[in-house]
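As structure tokens, the structure follows; a few thoughts come after it.
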Amino acid sequence: MSTTRPYSPGDRGPEPSPEPSGASGPSQGDARGAGTSDGGTAAVAPGSPGGRQVRRLSFDDASGVVPLARDFARQALYAWGWLPAATADRRAAAEDVLLVVSELVTNACLHAEGPDAMVLGCDNKVIRVEVSDRGTGQPAPRTPHRAGRPGGHGMFIVQRLCLDWGVTRAQGVAGKTVWAELGAAPA
């Protein structure tokens with residue numbers, strides 16, 4: 001697991017930059033996605049095999065951001081066919097996504113100034129969760145991990161559940177984006 005690569009190894013490369021304000025719609029050339037009732041929109045990225053689907057949620061002036069993020073992610077999982085789950089393995093995979101969303105957003109609340117936005121991306125192999133904030137800290141699993149003690153488990157959980165995770169910072173902009181990737185649910 002890496003905390004330094006801007007994106008996981010492979011041929012996907014970095015995600016396209018989100019639009020600066022509010023929920024983003026598809027960029028030019030994207031297929032139009034249906035807007036969601038909670039302010040996020042869906043898009044299919046152009047040129048992606050099987051169509052990479054992306055949804056973005058802005059946390060501007062939002063309260064209760066952790067449940068908001070979980071509900072938004074749950075709606076995306078339904079739209080992408082991960083839910084309702086046909087098998088216990090598929091249900092567990094969807095629950096892992098929701099747990100990672102909760103942990104990343106909670107960390108932005110506790111250790112930064114709260115989250116700015118969340119981007120979820122899905123292709124036929126991987127779901128990518130990105131949470132942006134204005135914090136300067138560097139998230140890391142607590143070492144040594146103390147399972148019996150309260151608190152400090154967030155990044156340990158992310159590390160254990162995800163294929164990979166890391167942090168990206170934009171040049172000249174305060175804050176960071178913490179990303180995590182989970183494998184697609186087994187068929």
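The values are calculated or read from the model by the stated rules, or taken from the named source; none is laboratory data. Note that the coordinates shown come from a computational prediction; the quantities given were computed from them, not determined experimentally. Here Cβ is always computed from backbone atoms with ideal geometry, including for glycine, and neighbour counts include all displayed protein chains. These accessible areas exclude ligands, DNA and RNA; they are computed on the full protein's heavy atoms, side chains included. Shrake-Rupley method; radii C 1.70, N 1.55, O 1.52, S 1.80 Å.
Only one of Arg160, Arg134, Arg128, Arg169 is open to solvent by 60 Å² or more (accessible area, probe 1.4 Å), closer than 27 Å to Gly51 by Cα and at pLDDT 85 or above; which? Walk me through how you get there before you give the answer.
Values: Arg160 fails: closer than 27 Å to Gly51 by Cα; Arg134 fails: closer than 27 Å to Gly51 by Cα; Arg128 fails: open to solvent by 60 Å² or more (accessible area, probe 1.4 Å).
Every option except Arg169 fails the conditions.
Considering segment 76-105 alone, what residues qualify as being at pLDDT below 95 and among the polar types (S, T, N, Q)?
Hit for segment 76-105 is Thr87, nothing else.
Taking the condition modelled with pLDDT of 95 or more and touching a helix residue (DSSP H, G or I) at 6+ places or on another chain (Cβ under 7 Å), does Val54 pass? I'd like the intermediate steps shown before the answer.
Numbers: modelled with pLDDT of 95 or more: yes; touching a helix residue (DSSP H, G or I) at 6+ places or on another chain (Cβ under 7 Å): no.
Here the answer is no, as Val54 does not meet what is asked.
Just wondering, is there one or more residues in segment 37-50 that are at pLDDT 90 or above, over 20 Å from Val178 (Cβ atoms) and not basic (Lys, Arg)? Steps first, answer last, please.
Of segment 37-50, the ones at pLDDT 90 or above are none.
No: zero hits.
For segment 77-95, state whether one or more residues are closer than 24 Å to Ala174 by Cβ, of a type outside the set (Ser, Thr, Tyr), open to solvent by 20 Å² or more (accessible area, probe 1.4 Å) and out of contact with any helix residue (DSSP H, G or I) (no Cβ under 7 Å at 6 or more places or on another chain). Before you say what the answer is, go through the steps one by one.
The initial filter retains those residues of segment 77-95 that are closer than 24 Å to Ala174 by Cβ, namely none.
No: segment 77-95 contains no residue that is closer than 24 Å to Ala174 by Cβ, of a type outside the set (Ser, Thr, Tyr), open to solvent by 20 Å² or more (accessible area, probe 1.4 Å) and out of contact with any helix residue (DSSP H, G or I) (no Cβ under 7 Å at 6 or more places or on another chain).
The conditions are (1) more than 13 Å from the chain's Cα centre (by Cα); (2) touching a residue at least 12 places away in the same chain (Cβ under 8 Å), and Val100 fails exactly one of them. Which is it?
If we test Val100 against (1) more than 13 Å from the chain's Cα centre (by Cα); (2) touching a residue at least 12 places away in the same chain (Cβ under 8 Å), just (1) comes out false.
Out of segment 172-187, which residues are loosely packed, with under 11 Cβ neighbours inside 10 Å and closer than 21 Å to Ala92 by Cβ?
First pass over segment 172-187, keeping only residues loosely packed, with under 11 Cβ neighbours inside 10 Å: 172-173, 186-187.
Scanning segment 172-187 gives Pro186, Ala187.
In segment 96-118, which residues are within 17 Å of Cys162 (Cα to Cα), open to solvent by 30 Å² or more (accessible area, probe 1.4 Å) and of a type in the set (A, V, I, L, M, F, W, C)?
Leu99
Please indicate, with yes or no, whether at least one residue in segment 137-145 is in a loop (DSSP other than H, G, I, E, B), open to solvent by 30 Å² or more (accessible area, probe 1.4 Å), closer than 17 Å to Arg56 by Cα and touching a residue at least 24 places away in the same chain (Cβ under 8 Å).
Checking segment 137-145: not a single residue is in a loop (DSSP other than H, G, I, E, B), open to solvent by 30 Å² or more (accessible area, probe 1.4 Å), closer than 17 Å to Arg56 by Cα and touching a residue at least 24 places away in the same chain (Cβ under 8 Å).
Which of the following residues is β-branched (Val, Ile, Thr) and in contact with a helix residue (DSSP H, G or I) (Cβ under 7 Å, 6 or more places away or on another chain): Thr143, Thr106? Give the steps one after another, and end with the answer.
On the way: Thr143 fails: in contact with a helix residue (DSSP H, G or I) (Cβ under 7 Å, 6 or more places away or on another chain).
The conditions single out Thr106.
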